[in-house]
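Working notes, structure below.
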Amino acid sequence: VDYTMQFCVQMGPDRRPPEIIETNPETESYIKAGTTYIEDFQVYTNEPADCKWDTRRVNYNYMTYNFSRCSQRIDDYIAGFDYGCRTNLTQFTNGQENRYYIACRDNPQYKGNVTKEAQRNTGTPYEVVLKGTSRLMIQNVRINGKQNGTEIRSAEENMDVKLEVFTSNGAENGKAKCLYSINSNDEGSYSLFFNDGSLEYLTTNTEELYMPEGNYIANIKCLDLAENVAETFVNFSVEVDLLSPAVVRAYKDEASNSLKIITDEIAECVYSTTTCTYDIEDGTSIDTDDGLHHYIEWDSSRDLYIRCADEYGNKPFDGSCSIILRPFEIAQVI
């Protein structure tokens, strides 16, 4: 398709200094921990120019360092179709803001020409701030709110497993994007944490998984804006619990003068004095202090039909009991 372009050329001498458009890395960028110098730092200008830099805000003539390569002609680009200069920036310090000042002078073709040197235009110092960082750290990893090595029990065939990763240090006080891989450390097996759909760098990364019964290793890798990397792994297991609690012991507790029963897992127990055919919600609650040890008032005149349910809702089949007991006293032989 044909099209028309219109433009104007202003007559007269060039009075404008070179314009610094941007830099790579950009100002306010976070730099990876352990960096001692900025390799291949680039400054982009709107025309061919000679540039210098310093860590002090001084004019071009007083700047200490030259760029190692600059655009010198109208067809001389440093990247793509961009004019500018490139060099390795030294004097970089980790863990703090590093300030560099850049100034440029146009018409590099006049360089060395005593007569025309005075016609070159020089820009004011341009400030670039590069932020040194410390090493990114994974402070903690939680699996369903629990620590490494935890066992997760469920009455479902696929358990809802929530991974949480907490990061600190690095860029932006620990904000990072984290990836995970289950039972593999291959590079292509990692997936980004979903984080409820957020694409931001966060200090807490979360992922919801649905895991069948088994043993798992979650390999975790986190990266921040400065490309600092932190890695760790956690172990956890998923156990499907489809069994109702069992009463493993029953006896008279002399200290409390009560019938004490012990279950093999944390449970809520109730009783009836007539039958096993009742709903747990309708039974008389049995006192417990930890879910494992249960106490009923001692009464040798009644039978106890006890039903127990665990935290996953597992309970005896309808019409059956966890145990049927009748307290009795043993006559003492004199």
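Values computed for the structure shown
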quantity: Unique residue being farther than 29 Å from Val229 by Cβ and touching a residue at least 60 places away in the same chain (Cβ under 8 Å) when the list is Tyr60, Tyr77; calculated: Tyr60
quantity: Qualifying position, being in a strand (DSSP E or B) and farther than 25 Å from Gln147 by Cα, among Ile217, Ile296; calculated: Ile296
quantity: The listed residue being over 24 Å from Asn24 (Cβ atoms) and touching a helix residue (DSSP H, G or I) at 6+ places or on another chain (Cβ under 8 Å), out of Gln119, Gln147; calculated: Gln119
quantity: All positions within segment 202-219 that are among the hydrophobic types (A, V, I, L, M, F, W, C), in contact with a Lys or Arg (Cβ under 9 Å, 6 or more places away or on another chain) and open to solvent by less than 30 Å² (accessible area, probe 1.4 Å); calculated: Leu209
quantity: Residue within segment 245-261 that is in contact with a helix residue (DSSP H, G or I) (Cβ under 8 Å, 6 or more places away or on another chain) and not basic (Lys, Arg) present; calculated: no
quantity: For Lys252: the one exception among (1) open to solvent by 70 Å² or more (accessible area, probe 1.4 Å); (2) among the charged types (D, E, K, R); (3) touching a residue at least 60 places away in the same chain (Cβ under 8 Å); calculated: (1)
quantity: Counted residues, segment 220-239 - those being acidic (Asp, Glu) and part of a strand (DSSP E or B); calculated: 2
quantity: In segment 277-313, the residues that are out of contact with any Ser or Thr (no Cβ under 6 Å at 6 or more places or on another chain) and in contact (Cβ under 8 Å) with a residue 60 or more places away in the chain; calculated: Ala309, Asp310, Tyr312, Gly313
quantity: Sole exception among (1) over 13 Å from Tyr101 (Cα atoms); (2) modelled with pLDDT of 95 or more; (3) basic (Lys, Arg) for Lys52, by number; calculated: (1)
quantity: Residue match in segment 132-141 (condition: in a loop (DSSP other than H, G, I, E, B), touching a residue at least 40 places away in the same chain (Cβ under 8 Å) and open to solvent by 40 Å² or more (accessible area, probe 1.4 Å)); calculated: yes
quantity: Qualifying residue in segment 184-201 (condition: touching a residue at least 40 places away in the same chain (Cβ under 8 Å) and either open to solvent by less than 90 Å² (accessible area, probe 1.4 Å) or more than 26 Å from Met159 (Cβ to Cβ) (or both)); calculated: no
quantity: Filter result (among the hydroxyl-bearing types (Ser, Thr, Tyr) and either free of Cβ contacts under 8 Å to residues at least 12 places away in the same chain or surrounded by fewer than 18 Cβ atoms within 10 Å (Cβ to Cβ) (or both)) within segment 80-120; calculated: Thr90, Thr93, Tyr110, Thr115
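Here's the yes/no breakdown for (1) in contact (Cβ under 8 Å) with a residue 12 or more places away in the chain; (2) buried (at least 18 other Cβ atoms within 10 Å of the Cβ); (3) under 33 Å from the mean Cα position of the chain (by Cα):
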residue: Arg15; (1), (2), (3): yes, no, no
residue: Glu19; (1), (2), (3): yes, no, no
residue: Tyr30; (1), (2), (3): yes, yes, yes
residue: Trp53; (1), (2), (3): yes, yes, no
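The rows are residues; the columns are (1) modelled with pLDDT under 95; (2) open to solvent by 80 Å² or more (accessible area, probe 1.4 Å); (3) within 26 Å of Ile143 (Cα to Cα).
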{"site": "Leu223", "(1), (2), (3)": "no, no, yes"}
{"site": "Ala230", "(1), (2), (3)": "no, no, yes"}
{"site": "Asn235", "(1), (2), (3)": "no, no, yes"}
{"site": "Val238", "(1), (2), (3)": "yes, no, yes"}
{"site": "Val247", "(1), (2), (3)": "no, no, no"}
{"site": "Ile262", "(1), (2), (3)": "no, no, no"}
{"site": "Glu268", "(1), (2), (3)": "no, yes, yes"}
{"site": "Cys276", "(1), (2), (3)": "no, no, no"}
{"site": "Glu297", "(1), (2), (3)": "yes, yes, no"}
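The values are calculated or read from the model by the stated rules, or taken from the named source; none is laboratory data. What you see is a predicted model; the values in this text were computed from it and never measured. Glycine gets a Cβ as well: all are built from the backbone with ideal geometry, and neighbour counts include every protein chain shown. Heavy atoms of the whole protein, side chains included, go into the accessibility calculation; ligands, DNA and RNA do not. Shrake-Rupley method; radii C 1.70, N 1.55, O 1.52, S 1.80 Å.
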